[in-house]
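Right, one structure below, let's go through it.
The values are calculated or read from the model by the stated rules, or taken from the named source; none is laboratory data. Remember, it's a predicted structure, so these values are computed and weren't measured experimentally. Here the Cβ is made from the backbone with ideal geometry for all residues, glycine too, and neighbour counts use every protein chain on show.
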Amino acid sequence: QLEQLSDRHQASLRKLSRSEKRIDEQLEQLSDRHQAVLRKLIDAEKRVDEQLEQLSDRHASGLAKLRELEKLVDDEMEQLWSWHAWGVNKFEEIEKQIDEKLQTLGSESTLCP
């Protein structure tokens, strides 16, 4: 009986050893997969950071361009208002001259028989 018990014990130990070996192999595979996933995640994070930096740069550049355009529009509007004011003044001058000539013509026509 002791010999049978010893044989069964040895068989159980061999079985346990094989199970431990399989578990160790599976743990190693899981560790390798985990490392691969971590590397991919780190690479993806780097790409996202680079893209965010590029977007930030483009955004800053776009804002600078927008400010330039706003200044150009403001300058153009100021010039247009200036021309408009000049045109209104010129029109009023011409209108005044016409009124003066009409008055002169009207007073001359009253002098004529």
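Okay, here's what the table says:
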{"read-out": "Unique match (being polar (S, T, N, Q), exposed (fewer than 10 other Cβ atoms within 10 Å of the Cβ) and free of Cβ contacts under 8 Å to residues at least 24 places away in the same chain) among S19, S31, S107, S82", "value": "S107"}
{"read-out": "Which numbered condition Q4 misses (of (1) surrounded by 10 or more Cβ atoms within 10 Å (Cβ to Cβ); (2) modelled with pLDDT under 95)", "value": "(1)"}
{"read-out": "Hits in segment 46-102 - residues which are of a type in the set (D, E) and either over 14 Å from the mean Cα position of the chain (by Cα) or not in a helix (DSSP H, G or I) (or both)", "value": "E68, E70, D74, D75, E76, E78, E92, E93, E95, D99, E100"}
